[in-house]
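The values are calculated or read from the model by the stated rules, or taken from the named source; none is laboratory data. Quick caveat: nothing in here was measured; it's all calculated off a predicted structure. Cβ coordinates were reconstructed from backbone atoms using ideal geometry, including for glycine residues, and neighbour counts include every protein chain displayed. Remember, those area values only see protein heavy atoms, side chains included, never the ligands or the DNA or RNA. Shrake-Rupley method; radii C 1.70, N 1.55, O 1.52, S 1.80 Å.
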Amino acid sequence: MYSVDELEDKLIDLAFAEDIGDGDHTTLCCIPEDAMGKSHLLIKEYGVLAGVEVAKKVFHRFDPTLKVEVLMGDGTRVKKGDIAMIVTGKVRSLLQTERLMLNIMQRMSGIATMTAKYVERLKGTHTHVLDTRKTTPGMRMLEKQAVKIGGGVNHRIGLFDMILLKDNHVDFAGGIKNAIKRCHAYLKEKGLDLKIEIEVRNFDELNQVLTCGGVNRIMLDNFSVADTKKAVDIINGKYETESSGGITFDTIRDYAECGVDYVSVGALTHSVKGLDMSFKAC
């Protein structure tokens, strides 16, 4: 298994390979090799800044001689006109790193900004906002970092760090009881200690889970607000609870007020708008 740093390095290397290829011929043809300059990161709209530390890695991985002065760190509330960082060094390096840095920072900042809005929406409740696996292939670690920067909570990172028995698993396994039983047998055989979450689609499945036990969290999938409140009352704190499925910014507080511990929101990562910013000579 790769570490977070190793995954970031692989992503950066791949991104440079697809963008620069055999050379940035536009820059190489008109900028002298020894030309030096300075660029600043200009924020163009209100939001939550994210990706600063990754941006530093982008600059230094491409050209270790670039000097990065960070004026605003990850998690800072920024507004139009703010200068988040200043980078000094070879002009060729500034131009060749510009787009990759912006792609990462705009997306991460957009996710952090969206997450912060959802977190603020739940202020005063005990419910946490969860992300999902609905992420951009290859960028999951960065996108989940952005969720945390925005005040949200990471669900499982991938298929390897938690058991989540969803509807298809339950159906293919032959039902709730079989799925949970096989899950525990597998974990024992492999010597693994992983949390177990199971999705339920109705009160019959919920009652089956409560009868079987052996899980850490119950996901109430596509339950109405009224049914969610009823389900939370039935569970009565015995297991963690999570609401999922079709929950929007307008309805999320209604679910939180039912008493669920978590609400998962795929929109944090799958359809977010990037935060507007630019990297200009100064």
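Per the Kirkwood treatment, what hydrodynamic radius in Å, one decimal, follows for segment 182-255 from the mean inverse distance over all distinct Cα pairs?
13.3
Report SER264's accessible area, 1.4 Å probe, all protein chains in place, as a number in Å² to the nearest 10.
That residue has around 10 Å² of solvent-accessible surface.
Taking just the alpha carbons, could you work out the radius of gyration and Dmax for segment 89-247, both in angstroms?
Values for segment 89-247 (Cα only, Rg and Dmax): 19.4, 66 Å.
Hey, what number do you get for the chain at 222 nm if only DSSP H runs of n ≥ 4 count, each worth -39500 (n - 2.57), divided across all residues, to the nearest 500?
Per the formula, -14000 deg cm²/dmol.
Quick one: net charge around ILE20, please, counting Lys, Arg +1 and Asp, Glu -1 for every other residue with C-beta under 14 Å from its C-beta.
Net of charged neighbours comes to -4.
Give the cross-link partners of LYS181 among the lysines, using a straight C-alpha distance below 30 Å as the criterion and excluding same-chain residues fewer than 8 apart.
LYS134, LYS166, LYS190, LYS195, LYS229, LYS230, LYS238
Which log10 I(q)/I(0) values does segment 24-135 give at q = 0.16, 0.17, 0.23 Å⁻¹ under the Debye formula, counting every alpha carbon as one identical point scatterer?
Taking Cα atoms of segment 24-135 as identical point scatterers yields -0.78, -0.85, -1.25.
What does the accessible area of ARG92 come to, in Å² to the nearest 10, when a probe of 1.4 Å is used?
50
Quick one: if you stick a label point 7 Å off each Cα along the C-beta vector at MET36 and LEU194, how many nm between them?
Label at MET36, label at LEU194, 5.3 nm between them.
Taking the Cα centre of segment 109-172 as origin, sum charge times position over the Cβ atoms of Lys and Arg (+1) and Asp and Glu (-1), and report the length of that vector in debye to the nearest 20.
180
Provide GLU143, GLU257, GLU6, GLU240 ordered by accessible surface of protein heavy atoms (probe 1.4 Å), highest first.
GLU257, GLU6, GLU240, GLU143
Dipole of segment 183-282 (Lys/Arg Cβ +1, Asp/Glu Cβ -1, origin at the Cα centre): which of MET277, PHE249, VAL232 lies farthest to the positive side?
With unit charges placed on the Cβ atoms, the residue in question is MET277.
Exposed loop chymotrypsin sites (Phe, Trp or Tyr not before Pro) only (DSSP loop, at most 15 other Cβ atoms within 10 Å): please give the longest stretch of the chain free of them, not including the sites.
47-159
In the chain, with Lys and Arg counted as +1 and Asp and Glu as -1 at Cβ, which of these residues, LEU71, ALA17, ILE198, has the Cα nearest the positive end of the dipole, that is, farthest along it?
Looking along the dipole axis, the top candidate is LEU71.
Can you pull the percent of the chain's accessible area that's carbon plus sulfur, 1.4 Å probe, other chains left in place?
52
Keeping every protein chain in place, order THR132, THR248, THR228 by accessible area at 1.4 Å, biggest value first, i.e. largest first.
Per-residue accessible area, sorted high to low, gives THR248, THR132, THR228.
Can you list which of the DSSP-assigned H helices in the chain have a Cα extent of 30 Å or more along the long axis and an average Kyte-Doolittle score of at least -1.0?
Going by DSSP H runs, the hits are 91-121.
Taking only protein heavy atoms and a 1.4 Å probe, what accessible area per residue, in Å², does the chain have with all protein chains in place?
50
Given points 7 Å out from each Cα along the Cα-Cβ axis, report the ILE20 to SER278 separation in nanometres with one decimal.
2.4
Over the residues of the chain, compute the C-alpha Rg and express it relative to 2.2 N^0.38 Å.
Expressed relative to 2.2 N^0.38 Å, the Cα Rg reads 1.21.
Given Cβ point charges of +1 (Lys, Arg) and -1 (Asp, Glu) and nothing else, what value in debye, to the nearest 20, does the dipole of segment 1-145 about its Cα centre take?
Value, rounded to 20: 800 debye.
Report the calculated FRET efficiency for ILE86 and ASP161 (r = Cβ-Cβ distance, R0 = 30 Å), to the nearest 0.05.
0.20
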